[in-house]
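Before I ask anything, let me first share the structure, which is written out below as structure tokens.
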Amino acid sequence: MNNAFSRRSLLRAGAGLGAGAILAGCSVKKDDPGQGSGAKFPERAVEWVVPFAAGGSTDLIARMLAKSLEKPLGQTVLVVNKEGAAGAVGTKDVISGTPDGYRMAFPPSSLFTITPHLQQSATKIGLDELRIVTGLTVENICFIVHKDSKYKTIDDLLNDKGAKIKFAHSGVGTGSYLSQVLFFKQAGFDATDVPFGGTGPAVTAVLGKQVDIAASHVAESHKQVASGDLRRLAVFTDTRMQLLPDVPTAKEKGIDVVVDQMRFACVPPKVSDDVAKVLENAFREAVKTPEYGKFLNDNYIERRELSGVDLTAKIKADSDRYKAALAKFGIATR
């Protein structure tokens, strides 16, 4: 009797355990964020591809924010640089890969809003080829001149329309090129563009008086402005920057040129909603850290933490606006 009872008890217990295992399995599958493995995302390190060389503003933002992402994700976030084709190489590499959320890209908005309209040979990427997780930052562009320049203010420049201006930029297809070429065309100047391989060399050209003026992201020339070697004349924003309230906009001087550079995190388009939500929530927590906020303020970088839907609409609107402006002033692709 005791042996029979024990066998019956064991069978009943085994059946209960089996049912529990099945239910547990169902529960895991329900929480599975699209991996097909029954595991909770992420189980391992996440790679964040910066599509530019190390040391630039995109790279610095990613490395600062990656540290803050690790706590909400519970995993290491590895920043990897994969440069080329104005950000297209690294971005394309990520969005054409496995849609599991373990690789993200950090492209600039100019890859979609500016470059395709100015470079015939540009590697074009459509917004439908990726999924935006979240918008993160916007970098504004400013006019800079040498401290000895005769242009002390933007009004001095606008009042000197007979001058033949040489302006430096970081390459056709960039915001520094677009903002200046639109400014000088609209203002009626005979201006010649001088391309360089990046903002650093363009700033150096102004310092060496090889050119009259240049445009750069505020952060990329701030040190030289702070030291007194360069002077800002204006910013290409819709309204004055909160961090630079004394610097006028080109728009308020009657030259309607608004150009900026947004940056955002994205993944392949077929990444599941659950995985995308995990990443979005992690970013939402990461951007709250005081260290990240201080980094942005110290480098004159502003927040643009838009949803994927809102940022997609903004990018499309900017692309259409730039395209119309280029057509209006007869600025062709190269």
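The values are calculated or read from the model by the stated rules, or taken from the named source; none is laboratory data. As the structure is a prediction and not an experimental result, all values here were calculated from the model. So basically every Cβ, Gly included, is an ideal-geometry build from the backbone, and we count neighbours across all protein chains shown. The area values use the complete protein model at the heavy-atom level, side chains included, leaving out ligands, DNA and RNA. Shrake-Rupley method; radii C 1.70, N 1.55, O 1.52, S 1.80 Å.
Please go through (1) modelled with pLDDT under 95; (2) part of a strand (DSSP E or B); (3) open to solvent by 10 Å² or more (accessible area, probe 1.4 Å) for residue 192 and return the number of the only condition it doesn't satisfy.
(1)
To keep it simple, each residue is scored yes or no on (1) touching a Phe, Trp or Tyr at 6+ places or on another chain (Cβ under 7 Å); (2) closer than 19 Å to residue 52 by Cβ; (3) touching a residue at least 12 places away in the same chain (Cβ under 8 Å).
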{"position": "196", "(1), (2), (3)": "no, yes, yes"}
{"position": "200", "(1), (2), (3)": "no, yes, yes"}
{"position": "214", "(1), (2), (3)": "yes, no, yes"}
{"position": "221", "(1), (2), (3)": "no, yes, yes"}
{"position": "257", "(1), (2), (3)": "yes, no, yes"}
{"position": "269", "(1), (2), (3)": "no, no, yes"}
{"position": "276", "(1), (2), (3)": "no, no, yes"}
{"position": "282", "(1), (2), (3)": "no, no, yes"}
{"position": "296", "(1), (2), (3)": "no, yes, yes"}
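Go through the range 269-279 and give me each residue that's touching a strand residue (DSSP E or B) at 6+ places or on another chain (Cβ under 7 Å) and crowded, with 19+ Cβ neighbours inside 10 Å.
To start, the set of residues in the range 269-279 that are touching a strand residue (DSSP E or B) at 6+ places or on another chain (Cβ under 7 Å) comprises 269, 271, 276, 279.
Passing the criteria: 271, 276, 279.
Take the residues of the range 118-135 that are in a helix (DSSP H, G or I) and open to solvent by 40 Å² or more (accessible area, probe 1.4 Å): which is nearest to residue 50 (Cα to Cα)? Before you say what the answer is, go through the steps one by one.
Keep residues of the range 118-135 that are in a helix (DSSP H, G or I), which gives 118, 127-129.
Still in the running and open to solvent by 40 Å² or more (accessible area, probe 1.4 Å): 128-129.
Values: 128: 20, 129: 18 Å.
That would be 129.
Confirm whether residue 241 is at negative phi and in contact with a Gly (Cβ under 9 Å, 6 or more places away or on another chain). Even if it seems obvious, please write down each step before you answer.
Numbers: at negative phi: yes; in contact with a Gly (Cβ under 9 Å, 6 or more places away or on another chain): no.
The answer is no for residue 241.
In the range 159-187, how many residues are open to solvent by less than 10 Å² (accessible area, probe 1.4 Å), of a type in the set (A, V, I, L, M, F, W, C) and not in a helix (DSSP H, G or I)?
Residues in the range 159-187 being open to solvent by less than 10 Å² (accessible area, probe 1.4 Å), of a type in the set (A, V, I, L, M, F, W, C) and not in a helix (DSSP H, G or I): 3 in total.
Please work out which one of (1) in a helix (DSSP H, G or I); (2) open to solvent by less than 50 Å² (accessible area, probe 1.4 Å) is the condition residue 331 fails and give its number.
Here residue 331 clears every test but (1).
Then there is this: Please verify whether the range 287-297 includes one or more residues that are modelled with pLDDT under 95 and touching a strand residue (DSSP E or B) at 6+ places or on another chain (Cβ under 7 Å).
yes
Six or more apart or on different chains, Cβ under 8 Å: which pairs go from a residue in the range 69-91 that's under 19 Å from residue 43 (Cβ atoms) to one that's polar (S, T, N, Q) and open to solvent by 50 Å² or more (accessible area, probe 1.4 Å)? Could you list them?
From the range 69-91, the pairs are 70/76; 72/281.
Being touching a residue at least 12 places away in the same chain (Cβ under 8 Å), of a type in the set (D, E, K, R) and over 24 Å from residue 110 (Cα atoms) is the filter here; which residues of the range 157-188 pass it? Step through it out loud before you land on a result.
Taking the range 157-188 and keeping what is touching a residue at least 12 places away in the same chain (Cβ under 8 Å), we get 157-158, 161, 163-188.
This time we only want the ones that are of a type in the set (D, E, K, R), so: 161, 164, 166, 185.
Matches in the range 157-188: 161, 164.
With the requirement that a residue be open to solvent by 70 Å² or more (accessible area, probe 1.4 Å) and in a strand (DSSP E or B), what does the range 67-81 give you?
78
Turning to a different aspect of this structure: Identify, please: which residue in the range 301-328 is open to solvent by less than 50 Å² (accessible area, probe 1.4 Å) and part of a loop (DSSP other than H, G, I, E, B) and is, among those, farthest from residue 193 (Cα to Cα)?
This residue is 307.
Looking at (1) touching a Phe, Trp or Tyr at 6+ places or on another chain (Cβ under 9 Å); (2) closer than 19 Å to residue 158 by Cβ, find the lone condition where residue 205 falls short.
For residue 205, the failing item is (2).
So, residue 283, is that one touching a helix residue (DSSP H, G or I) at 6+ places or on another chain (Cβ under 8 Å) and under 30 Å from residue 206 (Cβ atoms) or not? Let's see the steps before the verdict.
Details: touching a helix residue (DSSP H, G or I) at 6+ places or on another chain (Cβ under 8 Å): yes; under 30 Å from residue 206 (Cβ atoms): no.
Considered against the rule, which asks whether it is touching a helix residue (DSSP H, G or I) at 6+ places or on another chain (Cβ under 8 Å) and under 30 Å from residue 206 (Cβ atoms), residue 283 comes out as no.
In the range 282-300, which residues are of a type in the set (A, V, I, L, M) and either over 12 Å from residue 64 (Cα atoms) or buried (at least 19 other Cβ atoms within 10 Å of the Cβ) (or both)?
Start the filter on the range 282-300 by keeping residues that are of a type in the set (A, V, I, L, M), which leaves 282, 286-287, 296.
Scanning the range 282-300 gives 282, 286, 296.
Still on this structure, I have one more. Report whether or not residue 156 is part of a loop (DSSP other than H, G, I, E, B), open to solvent by 20 Å² or more (accessible area, probe 1.4 Å) and closer than 14 Å to residue 213 by Cα.
On the way: part of a loop (DSSP other than H, G, I, E, B): no; open to solvent by 20 Å² or more (accessible area, probe 1.4 Å): yes; closer than 14 Å to residue 213 by Cα: yes.
Taking the combined requirement at face value, the residue does not satisfy it.
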